[in-house]
Amino acid sequence: MSLERYKAKFLFYQGRFQENLILEVSDGTILRAASKEHFKGQTVTDLGHVALLPGTVNTHNHSFQSLVRGFGDDMPFFDWRDQGIYKYSLSLKKEDIYTGALFAFGEMLKHGITTVCDFFYIQDNGNENAKAVIQAAKDLGIRLVLARCFYDWQTGPKRYQEKPKEARARCLELMKEYETDSMVTITPAPHSPHAASREMILAAFQVAQETNSMFHIHVAEARYEVENIQKETGLTPLLYLDRLGVVTNKMVMVHGVWLSDKEIALMASRGVKLSYNPSSNMFLGDGIAPIKKILDQKVTIALGTDGACSNNKTSLFEEMRMAALLQKVHCLDSSVITAEQVFQMGTENGGKVLGLPIGKLEAGYRADFVTVSLDNLELYPLQNLHKNVVYSFSPTTIDEVVVNGKKIFSKGQLLTISEEEIIEKVSQLTRHW
Ligand SMILES: [Zn+2]
């Protein structure tokens, strides 16, 4: 059994940065955080003049989309989709999907993301493509939730499509294969009310029920989707999903930009959780999610970057800042949301939304953390560290990133797979695009 004790100038514990605390970790799990008097005469690793905080949790991403970053920027939505994602995702081989995941996850680790939920939907190769994403996460050392997509929209690319029975069997098979892996979690993910049929949504929901898993689904991202669902069903998206009987506390709603008051009340009463992706919503001109109303109803909100071709950054610290600023301007009120609230969304709430013991530095949680160097102007004055980590933070302040007790990034370098190696693979693949 390994036993490590870490000392930092500040430790983020019980909702605030505190001095004179030691974090004790064994085999990737936090045993306790306690004052230094408890550890007299024991070996303690001094991390230096740093603040130690929980690793951030990215609750929504599509890793292969990093490869098409820049190809559809500043175009209308359908051109963005067709010129970027649709055009290039059709030719990606299994090893290219692996490269895309290394690229996305490597960049995230550099930015202090220790867990990512990758919503994955290129299923033409059975589970082989999904396994390439999982392998990339394992090779790098990032914690992964693979939201295994259920998609059968005939208008979309053929290689995304499956039959409900097929998707169910493959998802269960993948879940079984990784059920004892503490670094990988598989969850079913019906794509959306427009790209998954009623049968497909129900198939994914049943898998979630049978395996006691969460399930992820895009809901009400763009206004046209809401209008289309209304035309087809006479209902807004969440009320349509409720008619299918799938609106439960296992649902992780991704986006939720266009929600009625009735739908927000329904989310609260059923315990639906939200993955809020503010940069992506802005990048694609989708709109502004009614976060103030959702918060007032005490719905759990976490944050996501979404794919790197609709952001185009991959930093949860950036999403914290964007979430706060966007809501302040939306409500014309600078007090409507605080740095502390968005920090919680990017850490602890990420753990709640993904159903994992992550996002907090407390006994029983996984040892996923980030240190930021206090030798940086951006973080001063230090008495406002909690605010400054959200509002004036720069990724260059990140000193080390530890996932499951293992150091993955240190002093500007990825330690598992080098940045040079990833750059070479990405350049090779995209050279003639
Ligand atoms: Zn998405």
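Values as computed for the structure displayed
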item: Tilt relative to the chain, helix 261-270 - C-alpha long axis, 0 to 90 degrees, to 10; result: 60
item: Full-extension gain in nm, residue 233 to residue 431, via 0.36 nm per residue minus C-alpha separation; result: 66.8 nm
item: Residue with peak Gaussian network fluctuation, the chain [Cα springs, cutoff 10 Å], from 373, 269, 197; result: 269
item: Separation between Cα centres of the stretch 63-140 and the stretch 369-433, rounded to whole Å; result: 20
item: Using alpha-carbon coordinates, inclination of helix 223-233 to the longest axis of the chain, degrees; result: 50
item: Shape box of the chain [Cα atoms, principal axes, largest first, Å]; result: 67, 47, 43
item: At 0.890 mPa s and 25 °C, Stokes diffusion of the stretch 175-276 via Kirkwood alpha-carbon radius, µm² per second; result: 176
item: Of 382, 11, 284, the one that fluctuates the most in a GNM where the chain has Cα springs shorter than 10 Å; result: 382
item: Whole-Å distance, taken between Cα centres, linking the stretch 152-189 and the stretch 338-355; result: 27
item: Among 117, 331, 149: highest mean-square fluctuation, GNM of the chain, C-alpha pairs under 10 Å; result: 331
item: Relative contact order (%) - the chain, alpha-carbon pairs under 8 angstrom, separation at least six; result: 20
item: Label point at residue 93 placed 7 Å out along Cα→Cβ; residues across the stretch 107-131 whose backbone nitrogen lies under 17 Å; result: 124-126, 128-131
item: Helical mean residue ellipticity (222 nm; -39500 (n - 2.57) per DSSP H run of 4+; nearest 500) of the chain; result: -10500 deg cm²/dmol
item: The stretch 332-413 - Rg (one decimal) and Dmax (whole number), Cα, Å; result: 14.2, 43
item: Angle between the chain longest axis and helix 316-331 axis [Cα atoms, degrees, rounded to 10]; result: 70
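Rule-based calculations on the coordinates, nothing more; no lab input. Computed from a predicted structure; not experimentally measured. Cβ coordinates were reconstructed from backbone atoms using ideal geometry, including for glycine residues, and neighbour counts include every protein chain displayed.
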